[in-house]
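What follows is a set of notes on a single structure, which appears directly below.
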Amino acid sequence: MTTAVEAAARPQDRVVKRPTKRRRDWAKWGFGTYFVVFLLFLYGPMLLMAILSFQGYFGGITFPFKGPLSANWWRSLVNTHVAGSTIPTHAPEIHTAAINSLKVSLAAGAIVSVLAFSLSMAFRRRWPWRTDGTAFYVIMLALMTPGFLLAVGTQLFWAYMGLGTGIYKTALGANVIWGIPFGFLVMLAVWNRYDPRVEEAARDLGADQKRTFREVTLPLVWTGLFGCFLFGFTLTWNDYDRTVLFQTRATDSLPLEIGGLTFTSGVRPDLYALGTATTALSLLAIGALLVVASLRLRFRGAPVQRVEEELGVVEGIDTEAAGAAAAPTE
C-alpha cells in the first residue's frame, strides 16, 4: 500500500498541461467571407431593386434613395393613373403580358414534367448497343445551345414550313426544349436514389404493371415531377432571348414587355417594382414546393399505430387480463 502511494505521488510522473493559445482557423473564416460576398453579389441587385421601388414620386433609378417612403410605384402596376401624376401608367400592358406569361409558363411546366419523366423512365431500361449515352448527350445539347440561336432556328424552321410564329406555338416549343434538360437531370437524380425492389415486391404481391406504377412508383417520385414542373414554369416565366423573335403586341410575355418598356421609354422605379414582384412570384413557387415536400415527408414519417400481418390486424395483448384468466379459481 505504501509503495503504491509513493509511486503515485512522484512529481516526475505527473503530466504538466501548459495553456496553449487557440489557433484561429483562417481557412474556415476565408471560405465564410467568400460565401457572404458571393451572396451579396448574387442577391444584392435584387435587394437594391426592391429598396428603390419604395421611393416617392420623384425617385430615380439609382441611389440616393429619394423619399418619402411610398408605394406609388407599386400602385402604378395596378392603377392606370397614380395620385399626383397625369402621366398614364403601363398597367394595362403589364396585365396582358402577365396573363400571357402565366398561361404559357403553366403549359410549359406541364409539358416539361411529362416529357422529362417519360425520358427518365426510358433511361431506366437497358438500351441496345449502349446507345443511352449518346441519347443523354443529345438531350443535353439543348442545354448547351444559346437561347437566341435556338429561337432563330425555330423561326427559320416554321418559316420554311410556311407557318406563322406565335407565343403559343413557336415560343412555347422553344421554352419546352430549353426546360427538358433541367427536368431530365432532376428525374435522373430521383431515380438514382430509388429502390426498384419495391416495384418487384408489389408485382410479387399480385399488382399488375399499371397498379404498380399508380400506387408504388408515382407516389415515390412525385417530388421529382413537381421539380420538373417548377423548372419549366420558372424558366419560361423569366425567358427573354428564346421568345423575343416570336412576339406580337397582343401576345407579349412579361419579360418582353419589360424589355419594350426599357427600350422605348424612360426607366422608372415602376420597373423595379415589377421586377421585385416577378422575383417574389418565383420565390413563392419554390417555397410552395419546399412546404409541400416537407408536409409530405412529415405525413409519411408518422408512426404506425397498428401492426399488419398476413391473417389480419394484430390487436395488443393485455397481459394482466390474460394472467387473471389463466389463474386457477378456488
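Sequentially through region 206-220, phi angles give Karplus couplings (6.51, -1.76, 1.60; θ = phi - 60°) of x, 7, 7, 5, 5, 5, 4, 5, 6, 9, 10, 5, 4, x, 7 Hz, Gly and Pro residues having no value and appearing as x. Surface composition of region 122-276: carbon and sulfur make up 64 percent of the accessible area, probe 1.4 Å.
Using the Karplus relation 6.51 cos²θ - 1.76 cosθ + 1.60 with θ = phi - 60°, the per-residue 3J(HN,Hα) values for region 159-172 come to 5, 5, 7, x, 10, x, 8, x, 5, 8, 10, 7, 5, 5 Hz, with x marking Gly and Pro. Per-residue extension of 0.36 nm, minus the Cα-Cα distance of LYS169 and LYS28, leaves a gain of 45.6 nm for this segment.
Taken over region 98-193, the ratio of Cα radius of gyration to 2.2 N^0.38 Å equals 1.21. Charged neighbours of ALA174, selected by a Cβ distance under 15 Å, balance to 0 (K, R count +1; D, E count -1). For GLY227, the shell of other residues with beta-carbons less than 14 Å away shows a net charge of +2, using +1 for Lys and Arg and -1 for Asp and Glu.
The Rg/Rh ratio for region 109-155 is 1.06, where Rg is the radius of gyration of the alpha carbons and Rh is the Kirkwood radius.
The values are calculated or read from the model by the stated rules, or taken from the named source; none is laboratory data. Treat the numbers as computed from the prediction; the structure is a model and nothing was measured. When we count neighbours, we look across all protein chains shown, and the Cβ atoms used for this are built from the backbone with ideal geometry, even at glycine. Just the protein is used for accessible areas: all its heavy atoms, side chains included, with ligands, DNA and RNA removed. Shrake-Rupley method; radii C 1.70, N 1.55, O 1.52, S 1.80 Å.
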